[in-house]
Structure formats: C-alpha cells, structure tokens
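Here is the structure we will look at, set down as structure tokens.
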C-alpha cells in the first residue's frame, strides 16, 4: 500500500495552515527556552547558498515560524521561545513533526535525501514521543485518487490506512492533547483522500455516484474556522469542497449563458457561497494570482478582488496588485520582457534577443514541478509537428541544481532549446508575474507578445488554433 511518490495529477493546494510571522504572548516569552541541536547531512543550500530549515510553531504560538541556519557541515544549535506542543520541521522535502516542551533539550540527526525520512537518530528529552512523529513520516502513504479503482477498493485501502494510523497513536506515550489532535488530523486526512477520490471518479465517469456511506462521511461542517487554522488536511478539504461547488455553479450557468467564465467570476462567487469570513479570504487569496493570469478582463477581476477580499494580509494584497500591474502591461503587440545570458544546455549562454526573426514558444518549468513533467510528451509532439515552421521552442528551467536539470533533459529526452535561468527572482519572471509553473508564452518574430499565458501543450486543439491564428 505504501507508495514512494506523490500523485502526478494534483487538483489541490496542500496548506499546512502555517504563516510566516512570529507572535508570542508574554507568558510564552517568560517560559524557559526550548533547546534544539543536530546535524542534517546532504541538505542542499538555498538560492543564497545557505543551509536552512524552517520550524513552524503550534497554533497556540500565534501562527509563528522560525528559520534556523546550519553550518556547511549541516550542524545547527538554537533555542526557541514557544509553547509545549507539536512543531513542524521543513527541510525542503516532505515536512515532519516533533514534540517540544519549554525547558527541555532535543537533538536530531539524519540525511536529507528524499521525500521520506531514512534513519533518524534522536537524543535529549521526550525521545519516545518524537519517535512517533518520525515513524509517522517514515511510513507516510501517498494516495493517488486518480487511480482507476472501484469505490469499494479505494475505501478498503483508505480504511486500512486509517486503522494503522490510529493504532500508532496508542503505541507511543503521547500526551493526551497531542493524541487527540493526531486522531483528528488522521480523520481529516482520511476524508480529504476520500473526497478527492470521488472528485476524480466523477470527472472520469459522469455516471458515478458515491455510496451512501461515503456521502454521509463527507457530510461535515465545512466552515469550521478553528479547524481550518489548525489542520492542514481540513483546510485542503475545504478548499476542494468549495471548488466543487463552483463547478456545479458553472455547469448550471453555462446551460443559460454559453459565454460564462467561471474564472472571471470566481472571486465574486466565492464571496457568495462561503459563510465564514476567514475561510473565504483564505481561499480567495489562493486563487487570485492564478486567475489574474488567465482571465480576459483583468480590470474587472482585479476590481472584484479588491471588493470581495476583506482580509488583512498585506502580502496577498501586494502580490495581487503587483500581478495586476504587470499583466496589464503584457498586452498583445507589446515587446516582451527580456532575459540575458541564461545557460544553454548545449553550451554557452543565450538571451531572448538571440531568437528574433522566429516565433518563440517559451516553456517555464522545473524538475520539481510534477505538472511540468506531464506536459513533456506534448511539447515533444509540438516540436515535431512544427519543425519545418519558423518557430523555436524555448524551455527555461527555474532549477537551482544544475546537475539535476541536465540529468532530466537527458532522461526525458527534452526537445528544443534548453536554458537554465540565473535566478527565479530574475526580472524576466517578475515582469511576467510568474507565481506558478508551468507557464507558456508565445512571441512573434519581432519579439512582441502574442499570448503571455497560452493554453498548456496538452490542450492540443487550443494550441493548434492559436498557432494557426498567427500563420503557423
């Protein structure tokens, strides 16, 4: 049952319910510090060349997080000011939990070599409790709701997993509060995977109807703000639940108005169907950047966003404004933003101006982007189909690991011109408002924008129509 991969087709945005500011009460600051140390081997440096891990605090800490810096050998030692509870550690792979208590000391050592933890050495206090969280991550099961299983088969698979997870909570000496939270987290992960299974199956088979048992299990409160803030799988489930509601609205509306665009109206509709203010603003904040890149009427969409987003997250507002300002400049016929001296897999460097005189189809991708991989076969097919035409297929990777980038090009036999960007914070990506990949752009032979966010290559009919419209 255990699978060592993430589902390739992903509908959801997995939110850990964690934000990036620190806020402590005076009582918490007055407690003895938590002392943590350890060594993480094979940890890759970030874009600034530093080795770091991120520690996310329990809900009681006020949605706090902290960056801890490691030396070149992966060794670290630091203190935390926070409450007793489960903390989440992120080293760039799949995160894992650890239990910390003020005044206690903790140590950990392992090799950061993949999604799941390998051998982990724990020391200091509460080792038995933390062995639970390490074991949980080591035995993590990733479900693929898109697999063609019957509902009975998937429920059996999911049910067995749930029983195993619940049993584990009784095999370790967890504090009662932590045990309760873990059991609830398991229940939400179960429901999340069950929901996604029904969602994928309904998309694949319009005649599918979930069983009465499944319907009853999924008939929960989807407006529980406390659990939304606390449990990552609950927030992901709620997100998917409301997107499904929007799909139902779209289906009904298209019968009356064939020109209706769900994406164009999404912010307004979310404001109408989500009762809880906090959840509503969180979900709007998750879709605004992606919608801005796709809608035809950016002005109206942005006006809706400023009307219906009533949250106080200035970062969300700033990013939406930034994307709006940049995208309103990326009109058809405008000269494209430029890049210079990107590394060419074949040797040397290239700038965008090197391709003047040809149509340019740009693919922005990275080796760690699962959705990008799914488009590779279609890009190869496009290049073969248009190889006699005046067009160059330009793939720009946002990878930091040059070796991984080069290895993927060989293994996947990637076509076209393969370039490695200097930095994914480069002005080229900023001016194109790239907040997610894959992203595709089509330029004319004069270097002017035809479409700043084309359909994906897998949408072959739409791509063919676009190319035909410009004489390709």
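A single entry from 162, 148, 152 fulfils the requirement of being out of contact with any helix residue (DSSP H, G or I) (no Cβ under 8 Å at 6 or more places or on another chain) and either over 19 Å from residue 133 (Cβ atoms) or surrounded by 12 or more Cβ atoms within 10 Å (Cβ to Cβ) (or both): 152. Scan region 393-412 for residues that are in contact with a helix residue (DSSP H, G or I) (Cβ under 6 Å, 6 or more places away or on another chain) and surrounded by fewer than 18 Cβ atoms within 10 Å (Cβ to Cβ) and the total you get is 1. Just one of the numbered conditions (1) modelled with pLDDT under 95; (2) in the same structural domain as residue 51 (by TED's automatic domain parsing) is not true of residue 148: (2). Within region 227-241, is even one residue farther than 29 Å from residue 57 by Cβ, modelled with pLDDT of 95 or more and surrounded by 17 or more Cβ atoms within 10 Å (Cβ to Cβ)? No - not one qualifying residue is present in region 227-241. Out of 341, 322, 313, 318, one residue alone is in contact (Cβ under 8 Å) with a residue 24 or more places away in the chain, surrounded by fewer than 17 Cβ atoms within 10 Å (Cβ to Cβ), over 23 Å from residue 466 (Cα atoms) and out of contact with any helix residue (DSSP H, G or I) (no Cβ under 9 Å at 6 or more places or on another chain). It is 341. Highlighted here are the strands (runs of 3 or more DSSP E) found entirely within region 75-120 that include at least 3 residues which are loosely packed, with under 15 Cβ neighbours inside 10 Å: 75-80.
Restricting region 53-67 to residues that are surrounded by fewer than 17 Cβ atoms within 10 Å (Cβ to Cβ) and not in a loop (DSSP other than H, G, I, E, B), the residue that is modelled with the lowest pLDDT is 60. Looking only at residues of region 165-190 that are surrounded by fewer than 17 Cβ atoms within 10 Å (Cβ to Cβ) and in contact (Cβ under 8 Å) with a residue 40 or more places away in the chain, we find that the one that is nearest to the chain's Cα centre (by Cα) is 184. Across region 368-388, the qualifying residues are those that are surrounded by fewer than 19 Cβ atoms within 10 Å (Cβ to Cβ), touching a residue at least 40 places away in the same chain (Cβ under 8 Å) and in contact with a helix residue (DSSP H, G or I) (Cβ under 9 Å, 6 or more places away or on another chain), and the one among them that is farthest from residue 462 (Cα to Cα) is 373.
Would you confirm whether any residue within region 248-271 is under 19 Å from residue 188 (Cα atoms), surrounded by 19 or more Cβ atoms within 10 Å (Cβ to Cβ) and either at pLDDT 95 or above or not assigned by TED's automatic domain parsing to the domain that holds residue 86 (or both)?
Checking region 248-271: not a single residue is under 19 Å from residue 188 (Cα atoms), surrounded by 19 or more Cβ atoms within 10 Å (Cβ to Cβ) and either at pLDDT 95 or above or not assigned by TED's automatic domain parsing to the domain that holds residue 86 (or both).
The values are calculated or read from the model by the stated rules, or taken from the named source; none is laboratory data. None of the values given here were measured: they were computed from a predicted structure. Methodologically, a virtual Cβ is constructed for each residue, glycine included, from the backbone with ideal geometry; neighbour enumeration extends over all protein chains shown.
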